[in-house]
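The values are calculated or read from the model by the stated rules, or taken from the named source; none is laboratory data. Computed from a prediction, not measured in an experiment: that's the story for all the values here. Glycine also receives a Cβ, built like all others from the backbone with ideal geometry; neighbour counts cover every protein chain displayed.
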Amino acid sequence: MIRYFSLLAVLALGGCGDGRVDVMFECASPGGEYVATAYRVATGQRPNQRQLRLNVRPRLLPFDADMYSFAFRYGDDVILQWQDARHLQVVYPQHAQILRQERVLFGTSQTYSSTDSLMIDYRERPSTHGYFMVETRCRPPSGG
C-alpha cells in the first residue's frame, strides 16, 4: 500500500515544473529602449493551471520567462499601452485573479536599479470569457 501511494505521488508530481511558455506578443516602448512581453505559462489544461504574465526588459536582453512583474489567472488576454518611455498601462480582464502586480519596477523585470524606475498602471475591464474583442493589443501612446 505504501509503495502504491508513493508511486501515485511521483506520477502526480511528475507533471509539475515551470510548464509550457507561449509568448503572445511583445510591445516596444516609444523610444525602443524597453520591450514588454505578454506570455502564457501552463502547467496543465485546467484554468487554475494557466497564468498570463508580463515581462519588461531592456531591448538588448533576451526574454526570461522566470522574471515577471505581473501575473494573473482566469483571464487569457491583456492590452498594453506605453504612455511614454517610462510609463506602461496594462489592461486585464475584470474577473482575473491577480497573483503578482508590481506598480514600480526599479530597472525592469530582469534588472535592478535603485535610480532607474518604470511605472506601471493597471486597469481591469469587462471581457468576453477572459478575452477582449479588439484587434490591437499593443497600443501606441495616446498622443502619438
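Note on region 121-144: residues that are within 18 Å of PHE72 (Cα to Cα) and exposed (fewer than 15 other Cβ atoms within 10 Å of the Cβ) amount to 7.
Looking at region 96-144, the strands (runs of 3 or more DSSP E) lying wholly inside it that each contain 3 or more residues that are touching a Leu at 6+ places or on another chain (Cβ under 7 Å) and closer than 16 Å to SER29 by Cβ sit at 112-125. The set of residues in region 81-120 that are of a type in the set (Gly, Ala, Ser) and surrounded by 12 or more Cβ atoms within 10 Å (Cβ to Cβ) comprises ALA85, ALA96, GLY107, SER109, SER117. Among residues of region 105-118 that are without any contact (Cβ under 8 Å) to a residue 60 or more places away in the chain and closer than 11 Å to ASN55 by Cβ, those with a beta-carbon under 7 Å from a residue that is hydrophobic (A, V, I, L, M, F, W, C) and assigned to a loop (DSSP other than H, G, I, E, B) at least six positions away or on a different chain give the pairs SER109/MET67; GLN110/LEU61; GLN110/MET67.
Taking the numbered list (1) of a type in the set (A, V, I, L, M, F, W, C); (2) more than 20 Å from PHE25 (Cβ to Cβ); (3) surrounded by 14 or more Cβ atoms within 10 Å (Cβ to Cβ) in turn, PHE63 passes all entries but (2). Residues that are under 14 Å from the mean Cα position of the chain (by Cα), charged (D, E, K, R) and modelled with pLDDT under 95 within region 21-51 comprise just one, ARG50. Suppose we keep only residues that are surrounded by 16 or more Cβ atoms within 10 Å (Cβ to Cβ) and touching a His at 6+ places or on another chain (Cβ under 9 Å) within region 68-80. Which one would you say is farthest from SER29 (Cα to Cα)? For region 68-80, the residue satisfying everything is GLY75.
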